[in-house]
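The values are calculated or read from the model by the stated rules, or taken from the named source; none is laboratory data. Everything quoted here is computed from the prediction, not taken from an experiment. Please note: Cβ atoms are built from the backbone with ideal geometry, for glycine as well, and neighbour counts cover all protein chains shown.
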Amino acid sequence: MKSTIITGVLAATILVAGCGKKSPSSATTPPPAQAEAASSSPVAQPALAAWQQGDKATAVSSFLAADWSARPLFPTGSSLSLSEAQFRALSDSDREAKSRDMMSQIASLKQLAQAVVQAGNDAASKGDAAQARKYFTSVKQCGTALKGPDCMLLVQLVGKAFEKMSDTELAKIGQ
């Protein structure tokens with residue numbers, strides 16, 4: 001455990017030191033944006049983890065609470081965290097493995113988004129348009145995040161589908 005922590009600290013120190021020096025403290029202290037990114041957990045992780053464990057209520061709640069404008073969306077090493085260029089740079093066998101994993105992750109993400117839409121529809125059917133709007137808007141925000149240039153083309157297409165699904169549902173309740 002200690003060696004893992006030491007290795008991580010050493011790697012971070014080398015990374016920060018290699019970024020150039022603008023002030024004497026910049027070699028030891030990462031800029032606020034880097035520090036924030038390093039300390040933040042992937043946006044989609046709590047919702048996807050709960051979904052994959054079968055805890056649908058927590059998954060939907062976590063999806064709704066997520067800040068879809070924050071990064072990273074997915075954990076480092078996840079097939080969903082790869083850009084199109086990173087994916088193409090993989091060997092054939094690695095691409096196959098990542099493709100299988102990606103399809104499984106996308107299926108879970110789509111099922112989760114559908115559950116969020118269903119929760120919105122349930123709220124709308126009870127006359128709670130404001131709550132329904134929150135669910136649908138969350139799906140739209142997720143879709144917008146997935147359409148980012150840092151995502152693979154397939155993930156971007158899923159993002160477009162989420163936005164379209166959300167727009168359809170929002171139109172039904174009069175946005």
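For residue 69, are the conditions met, namely being modelled with pLDDT of 95 or more, among the hydroxyl-bearing types (Ser, Thr, Tyr), surrounded by fewer than 13 Cβ atoms within 10 Å (Cβ to Cβ) and not in a helix (DSSP H, G or I)?
Numbers: modelled with pLDDT of 95 or more: yes; among the hydroxyl-bearing types (Ser, Thr, Tyr): yes; surrounded by fewer than 13 Cβ atoms within 10 Å (Cβ to Cβ): yes; not in a helix (DSSP H, G or I): yes.
It is true that residue 69 is modelled with pLDDT of 95 or more, among the hydroxyl-bearing types (Ser, Thr, Tyr), surrounded by fewer than 13 Cβ atoms within 10 Å (Cβ to Cβ) and not in a helix (DSSP H, G or I).
Can you tell me which residue in region 140-155 is surrounded by the fewest Cβ atoms within 10 Å (Cβ to Cβ), limited to those that are in contact (Cβ under 8 Å) with a residue 40 or more places away in the chain and in contact with a helix residue (DSSP H, G or I) (Cβ under 6 Å, 6 or more places away or on another chain)?
153
Can you tell me how many residues within region 94-125 are among the basic types (Lys, Arg) and buried (at least 18 other Cβ atoms within 10 Å of the Cβ)? I'd like the intermediate steps shown before the answer.
Of all residues in region 94-125, those among the basic types (Lys, Arg) come to 95, 98, 100, 110.
With the extra rule that they be buried (at least 18 other Cβ atoms within 10 Å of the Cβ), the set shrinks to 98.
Qualifying residue count for the region: 1.
Scan region 130-137 and tell me whether some residue there is loosely packed, with under 15 Cβ neighbours inside 10 Å and over 26 Å from residue 80 (Cα atoms).
Checking region 130-137: at least one residue is loosely packed, with under 15 Cβ neighbours inside 10 Å and over 26 Å from residue 80 (Cα atoms).
With 99, 93, 61 as the choices, which residue is closer than 16 Å to residue 156 by Cβ, out of contact with any Asp or Glu (no Cβ under 6 Å at 6 or more places or on another chain), of a type in the set (Gly, Ala, Ser) and in a helix (DSSP H, G or I)?
On the way: 93 fails: closer than 16 Å to residue 156 by Cβ; 61 fails: closer than 16 Å to residue 156 by Cβ.
Just a single option satisfies the conditions, and that option is 99.
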